[in-house]
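Colleague: I have a structure here, written as structure tokens, and I will follow up with some questions on it.
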Amino acid sequence: RSIRDLDWGLLILALAICGLGVLQIYSASLDTAWRNAWIKQLLFLGIGLFVMWLMTRVDYHTLLGQVPILYGASLGLLILTPLVGTLVWGSKRWIPLAWGFRFQPSEFVKLVIVLLVARYLTELKSDRLEIRDLLKLGALVGIPMALVAAQPDLGTALTYVPILVIGLFLGGMRWQHAAAIAALAAVLMPVGWFVLKDYQKARLEIFLDPMKDPMGKGYQVIQSKIAVGAGGMWGRGVTQGSQTQLRFLPVAHTDFLISAFAEEHGFVGILVVLALYFLLMMQIVQNAQTAPDKAGMFICMGVCSLLLFHILVNAGMAVGRMPVAGIPLPLMSYGGSSMVSVFMMLGLVNNV
């Protein structure tokens, strides 16, 4: 493979989104303890581009052949994380590395889930899924989901669901089975309330009524909505957002980066960002349509569904239309594991 084999449209769109993210991280973390976060984000971007190139170099059929090993290694890392992980915000999601860096295994498990679903559905060699296939594939995805949710990190665990759903949909799931699953989920939903931890219950309660605790658990959502509204049509300008710069908006360089971006770049800026994401996903869909085999199609659509889920949930929680779930905005929010894992998946799409 040569440099001519790169999907330049995919790469340019991803870099444009990353560039806007670095700019907003610089603005949101100015004069704070995180003021060098934008420099680290550039480092993560460089690592991401390198691993994207590596993923492009390895034939995706070779990776599909190693799914059992990758899956086993993923489960091992997820079991190891609570044992040796660093406790941050009440969760053990990260394994400490050298020089102050941390590694979040659950982010890289997303890639393994994409490969797992693609391999399983391709090997069926059938246009219809039987109930045993649904149960088996659901269990294979459900095990890492349960391990991640136990960290606890329910937000990341839920990101595995769209990969499974799009795979089942494209793999030929019968509508009767889909209806039965939906009915079962509706019945079990009240039971799930008693399984949630106290802070997860509080997030759902605050989602329904943020003013119930405006200076406590509802503070993030309220300040985020104020920041989005304050941006108006054109925004207040880089480093000029009052909610962001006066630190009313919490974690403005990570989970609520899009709120800070909306305040400083306005409705027009948000439209530009969402248009870039739309073009990126359409490029992935086009690669799925022209894939040489079903495995390639499943891989591309799995990656696309994951990115779409991230964007909808992150943007939704910024305006109070989704519960706060700690799901980052792909390619924009600060975070090395998220950045590198997304570029690995883009490299996999480029490979197809």
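Colleague: Residue by residue through segment 106-120, what is 3J(HN,Hα) from phi via Karplus (6.51 cos²θ - 1.76 cosθ + 1.60, θ = phi - 60°)? Round to whole Hz and write x for glycine and proline.
Modeller: 4, 5, 7, 5, 4, 4, 5, 5, 4, 5, 4, 5, 4, 5, 4
Colleague: At most 15 other Cβ atoms within 10 Å plus a DSSP loop assignment makes a site exposed; report the longest stretch of the chain without any exposed chymotrypsin sites (Phe, Trp or Tyr not before Pro).
Modeller: On the way: sites that count: 89, 101, 194, 234.
Here the longest run is 235-352.
Colleague: Under 18 Å Cα to Cα from residue 212, which aspartates and glutamates show up? Leave out anything in the same chain fewer than 8 places away.
Modeller: 198
Colleague: Mind checking the angle between helix 198-208 and the chain's longest principal axis? C-alpha axes, 0 to 90 degrees, to the nearest 10.
Modeller: Taking the Cα atoms of the chain, the angle to 198-208 is about 70 degrees.
Colleague: Each residue of segment 14-21 in turn: what ³J(HN,Hα) in whole Hz from Karplus with 6.51, -1.76, 1.60 and θ = phi - 60°, glycine and Pro shown as x?
Modeller: 5, 5, 5, 5, 4, x, 5, x
Colleague: Hey, what angle do you get for helix 131-149 against the long axis of the chain, alpha-carbon based, 0 to 90 degrees rounded to 10?
Modeller: Between the helix axis and the principal axis of the chain, the angle is about 30 degrees.
Colleague: Can I ask one more? Only four residue types carry charge here, +1 at the Cβ of Lys and Arg and -1 at the Cβ of Asp and Glu. Report the dipole size of the chain about the Cα centre in Debye, rounded to the nearest 20.
Modeller: Numbers: 25 positive and 18 negative charges, 57 e Å.
The calculation lands at about 280 debye.
Colleague: For the chain, what does the accessible surface come to per residue with a 1.4 Å probe? Please give it in Å².
Modeller: 47 Å²
Colleague: Which shape class, rounded, prolate or oblate, goes with segment 11-73 when its Cα gyration tensor gives a ≥ b ≥ c as root eigenvalues, a/c under 1.5 marks rounded, and past that a/b bigger than b/c marks prolate?
Modeller: On the way: a/c = 3.90, a/b = 2.24, b/c = 1.74.
Prolate is the answer for segment 11-73, as a/c is 1.5 or above and a/b outweighs b/c.
Colleague: Under a point spin-label approximation (7 Å from Cα along Cα-to-Cβ), what is the residue 286-residue 189 distance to one decimal in nm?
Modeller: 3.8 nm
Colleague: In segment 1-78, which trypsin sites (Lys or Arg not before Pro) fall in coil by DSSP and have 15 or fewer other Cβ atoms within 10 Å?
Modeller: Numbers: sites: 1, 4, 35, 40, 57; in loops: 1, 35.
In loop regions of segment 1-78 (DSSP not H, G, I, E or B), the sparsely surrounded trypsin sites (Lys or Arg not before Pro) are 1, 35.
Colleague: On the protein heavy atoms, probe 1.4 angstrom, tell me the percent of accessible surface of the chain carried by carbon and sulfur. Each step should come with its number before you reach the end.
Modeller: Numbers: 11610 of 16670 Å².
Ligands and nucleic acids excluded, carbon and sulfur give 70 percent.
Colleague: Can I ask one more? Take residue 275 and residue 248, extend 7 Å from each Cα along the Cα→Cβ direction, and tell me the distance between the two endpoints in nm.
Modeller: 3.0 nm
Colleague: Near residue 294, which aspartates and glutamates are there with a Cα under 13 Å away, not counting those fewer than 8 places off in the same chain?
Modeller: Leaving aside aspartates and glutamates fewer than 8 places away in the same chain, those within reach of residue 294 are 123, 127.
Colleague: Whose amide H sits under 5 Å from the amide H of residue 322, counting only residues 5 or more places off or on another chain, with H placed in the peptide plane?
Modeller: The answer is 317.
The values are calculated or read from the model by the stated rules, or taken from the named source; none is laboratory data. Computed from a prediction, not measured in an experiment: that's the story for all the values here. Cβ coordinates were reconstructed from backbone atoms using ideal geometry, including for glycine residues, and neighbour counts include every protein chain displayed. Accessible surface areas use protein heavy atoms only, side chains included; no ligands, DNA or RNA. Shrake-Rupley method; radii C 1.70, N 1.55, O 1.52, S 1.80 Å.
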